[in-house]
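**Q** Structure in structure tokens, see below.
The values are calculated or read from the model by the stated rules, or taken from the named source; none is laboratory data. What you see is a predicted model, and the numbers here were worked out from it, not measured in a lab. Note that we place each Cβ from the backbone using ideal geometry, even for glycine, and neighbour counts take in every protein chain shown. Protein only, heavy atoms only, side chains kept; ligands, DNA and RNA dropped before computing areas. Shrake-Rupley method; radii C 1.70, N 1.55, O 1.52, S 1.80 Å.
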There are 2 protein chains.
Amino acid sequence: MSYAILAASLRSAMQRNDQETIHRLIAEMQPADLAEFVQHEQTDTVISLLRHLPLERRAVAFGYLSVALQEEIAAKLSDQKLGELLQHMSADEGADLFKLLDEDRQQSLLRTLAKEAREDLRKLASYEEGTAGAVMTSDYVAIPAYYDVKRALETIRTTGTEAETIYQLYCIDTAGRLLGTVSLRELILAETDTQIAELMTEDVVHVTTTTPQEEVARLISRYDLLALPVVNGGEHLVGIVTYDDAMDVAEEEATEDMHKGMSIGKLGAGLRRASLFDLYRKRIVWLVLLVFANIFSGAGIAYFEETIEAYIALVFFLPLLVDSGGNAGSQAATLMVRGMATGDVRSRDWARLLGREVFVAIGLGLTMALAVSVVGVFRAGTEIALVVAMSMVLIVIVGSLIGMILPFILSHLGWDPATASAPLVTSIADGVGVLIYFAIATAVLGLPT
Amino acid sequence: MSYAILAASLRSAMQRNDQETIHRLIAEMQPADLAEFVQHEQTDTVISLLRHLPLERRAVAFGYLSVALQEEIAAKLSDQKLGELLQHMSADEGADLFKLLDEDRQQSLLRTLAKEAREDLRKLASYEEGTAGAVMTSDYVAIPAYYDVKRALETIRTTGTEAETIYQLYCIDTAGRLLGTVSLRELILAETDTQIAELMTEDVVHVTTTTPQEEVARLISRYDLLALPVVNGGEHLVGIVTYDDAMDVAEEEATEDMHKGMSIGKLGAGLRRASLFDLYRKRIVWLVLLVFANIFSGAGIAYFEETIEAYIALVFFLPLLVDSGGNAGSQAATLMVRGMATGDVRSRDWARLLGREVFVAIGLGLTMALAVSVVGVFRAGTEIALVVAMSMVLIVIVGSLIGMILPFILSHLGWDPATASAPLVTSIADGVGVLIYFAIATAVLGLPT
């Protein structure tokens, strides 16, 4: 049955309070679908629905819930129940949830766990947010390089049930240092008495626990990896990041960059579940800063007050001109920021791209000047039309260059280039645009005496 | 050796024209790294560098090159050479390249291929761009459900070398219809005489050849799949989309949405390799349309010309006020568009999100009014400060609502909500902002008589 049908049946069973049907339908649903279904429900309802699943599957479905909902549910469960759930979740998801709890709860929870699980959790939870350490899992299969294929396959059969992937296996020396990697495919195609050391690929792409998660996602995507091994300072294998977690990271990073591009701070939850105050807080900071940035445009206008009073028709073209500069600049900034984020553009390409942008911007400026001068002639006569057209060309070129340069400057200052958001570029381009426009107007039309 | 060291050594070997060292270094490089390295070189240099690799690996590295560069190289190769390369590329990448060739070349190329390869290529190349059919590959392992585990493992050993993944296997009936899926993990853990039909999971998530590629990427990410099977109209299995291709699709879609969010059309290549004319063409259309959209703001200003002449100080606050509405609106639109793209927000959430946005926008508007009225009092006295503060609250609320509503309207009209780009929202909010500001000013300050 498709998700839509299952969801509709489940909803009607819930209305009839038909526990038997609810039980059957929940067992049939994919964990991701169940998570989606309960995402809208009250916390208590979610808990009672999840209770229909055996612990293993309940832990999987729980892992698919939004972080905010996981936190709400955790607050309502006893230490015992939460501890059971944590142990059956994948190690990385468990650690993420654990980190959200306050310290008292963490301590009382740790007391319910067995020693090994406790240390695993404490270690995974200790890595800084946004690093490979924080997104990796300890559920992988490591195989000593001196094993033969037969013994390796036995190890997979015994320890592989908990592992997130058994398709990529990591070869270690007796001290646990990462030596290489071998795929299950290679094991299966090899003779059973071959040594793992002979089969394995050395020089394996790997990261350390402190590598930023964007970089992890980029490497997995670049080399088409199933999983990326993570080592600590001593080159000891401590975890792996799997491709599905990398996909989530990439989506999260893309969302964050898009939000930053519009001057929105990092939201803990999606738009739907974020609190009103959180939405306010993440948006207001830049909005107020931009108000002050826009005072420069106002100051520019004040400076040219006499020109404006003499030629009031100039004001008609003001929004159009400054917006055009801002739009062209935002386009350039967006192309650059996204290019830098995906790795298409690197710092050394800067000069060449800037040179190209000059040509593109001249083309854009001339075309837009043509468009606006048609309006200008009809509306305000040839003289003002000329001023407007000249201003347009210059404003679009300057705006584009600002949009192209700003991400590089920010990146060189060690900031995230995505901070060169469209509103910031627009505000700067606006201020410059006002000056260009009225300076040209004053020069061409002259001041009234 | 790391990529940086390999790349530096290779570059110096190329300067010395030391063919032996070049050969050795290229053999050591990861295909993705080699592709990255040659991406900046002249087409002829790329061809001569790739020639150092055996055909199999050459085809893999070639698949990592940008589409633009693949096309340039293809133009310089003989039909014979290109045909060999195509046959050794993964089926989906080969089909993508094939589609870029003109019809004459396609025909002469097909003549060099064996019948099976020819039909495979022709079929894969026939699916519409952006659909599951166009991103899927025919390199998968299908296993008749009546096989036992032993026979299935033999099939994998014999046919699996060409397959993109042997970790997920697809179970079919004698007519080739998709019945279910079984993982290599399950096969390995099962007894060798078990029937595949007993092991397989039915109700497998699948798509048809016409499913949009965004949907494919979303399903793979949602259900954490290794690969997603694709069926034709008759439920026959015709291909699979693997997770690594889904990651590429997701990245491509995110880039496209970000560009659309800034009114930039779809670029065939990245910023670095796109032609100047392409960059111009993809940016100019909306820029010119926005010029005309901004004429409404100008018309609004013209309508209130008398008020402006009487209180010229009002112009000082104009950029600040209209920009604020545009910024708040762009934020709302970005949150909404991204939420819809990631599946966090669905159409039925519309009313509730709009209600929440009203509260957030009131908070934003009041805060910004406070900020601007401080400037207003000092700059223009209490009366104008009052006008500016009142306008700010109203403009921010209206701007935010425009940003929130526009993506939904577009989506209901069957358009991509991402067309509700920041510049479009800004232009609309600007026009409305001008009207609100001067209407309030005229009402509060009165017209000079």
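**Q** Name the helices (runs of 4 or more DSSP H) wholly inside the stretch A:169-285 in which the number of residues that are within 29 Å of the chain's Cα centre (by Cα) and within 14 Å of another protein chain (Cβ to nearest Cβ) is 3 or more.
**A** A:213-222, A:243-261
**Q** For A:Ile295, which of the numbered conditions (1) in contact with a Leu (Cβ under 8 Å, 6 or more places away or on another chain); (2) crowded, with 22+ Cβ neighbours inside 10 Å; (3) at pLDDT below 85; (4) part of a helix (DSSP H, G or I) fails to hold?
**A** In the conditions (1) in contact with a Leu (Cβ under 8 Å, 6 or more places away or on another chain); (2) crowded, with 22+ Cβ neighbours inside 10 Å; (3) at pLDDT below 85; (4) part of a helix (DSSP H, G or I), A:Ile295 misses (2) alone.
**Q** Select, from B:Leu199, B:Leu189, B:Leu225, the only residue that is open to solvent by 20 Å² or more (accessible area, probe 1.4 Å), modelled with pLDDT of 90 or more and over 30 Å from B:Gln70 (Cβ atoms).
**A** None of the other options fit; the residue is B:Leu199.
**Q** Which numbered condition trips up B:Pro212, out of (1) surrounded by fewer than 19 Cβ atoms within 10 Å (Cβ to Cβ); (2) touching a residue at least 60 places away in the same chain (Cβ under 8 Å); (3) on the phi > 0 side of the Ramachandran plot?
**A** (3)
**Q** Conditions: (1) within 23 Å of B:Arg222 (Cβ to Cβ); (2) open to solvent by less than 10 Å² (accessible area, probe 1.4 Å). A:Glu72 meets all but one. Number of the miss?
**A** (2)
**Q** Any chance you could count how many residues in the stretch B:312-324 are crowded, with 20+ Cβ neighbours inside 10 Å and either in contact with a Leu (Cβ under 8 Å, 6 or more places away or on another chain) or facing another protein chain (nearest Cβ under 7 Å) (or both)?
**A** 9
This table checks each residue for (1) within 29 Å of A:Asp33 (Cβ to Cβ); (2) among the aliphatic types (A, V, I, L, M).
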{"position": "B:Arg352", "(1), (2)": "yes, no"}
{"position": "B:Thr367", "(1), (2)": "no, no"}
{"position": "B:Val375", "(1), (2)": "no, yes"}
{"position": "B:Met390", "(1), (2)": "no, yes"}
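**Q** I've got another one for you. Out of the stretch A:337-392, which residues are facing chain B (nearest Cβ under 7 Å), within 18 Å of A:Asp323 (Cβ to Cβ) and either open to solvent by 10 Å² or more (accessible area, probe 1.4 Å) or of a type outside the set (A, V, I, L, M) (or both)?
**A** The answer is A:Thr367, A:Ala371, A:Val375.
**Q** Where residues in the stretch A:300-311 are facing chain B (nearest Cβ under 8 Å) and open to solvent by 30 Å² or more (accessible area, probe 1.4 Å), which of them is nearest to A:Phe438 (Cα to Cα)?
**A** A:Glu305
**Q** If B:Lys150 meets every condition in (1) surrounded by 21 or more Cβ atoms within 10 Å (Cβ to Cβ); (2) more than 26 Å from B:Glu56 (Cα to Cα) apart from one, which number is that one?
**A** Unmet for B:Lys150, out of (1) surrounded by 21 or more Cβ atoms within 10 Å (Cβ to Cβ); (2) more than 26 Å from B:Glu56 (Cα to Cα): (1).
**Q** Let me ask something else. Could you list, in sequence order, the residues of the stretch A:43-69 that are closer than 15 Å to A:Glu84 by Cβ and open to solvent by less than 50 Å² (accessible area, probe 1.4 Å)?
**A** A:Ile47, A:Leu50, A:Leu53, A:Leu55, A:Ala59, A:Ala61, A:Phe62, A:Gly63
**Q** Consider B:Gly239 against the criteria (1) buried (at least 20 other Cβ atoms within 10 Å of the Cβ); (2) touching a Cys at 6+ places or on another chain (Cβ under 6 Å): it satisfies all of them except one. Which criterion is unmet?
**A** (2)
**Q** Look through A:Arg105, A:Arg122, A:Arg111 and report the one residue that is basic (Lys, Arg) and open to solvent by less than 70 Å² (accessible area, probe 1.4 Å).
**A** On the way: A:Arg122 fails: open to solvent by less than 70 Å² (accessible area, probe 1.4 Å); A:Arg111 fails: open to solvent by less than 70 Å² (accessible area, probe 1.4 Å).
Going through A:Arg105, A:Arg122, A:Arg111 in turn, the sole match is A:Arg105.
**Q** With respect to B:Leu410, is the statement that it is without any contact (Cβ under 8 Å) to a residue 24 or more places away in the chain and either open to solvent by less than 50 Å² (accessible area, probe 1.4 Å) or within 15 Å of B:Gly326 (Cβ to Cβ) (or both) true?
**A** yes
**Q** Just to check your reading of the model, which residue among B:Gly176, B:Gly180 is in contact (Cβ under 8 Å) with a residue 60 or more places away in the chain and closer than 18 Å to B:Ala227 by Cβ?
**A** B:Gly176
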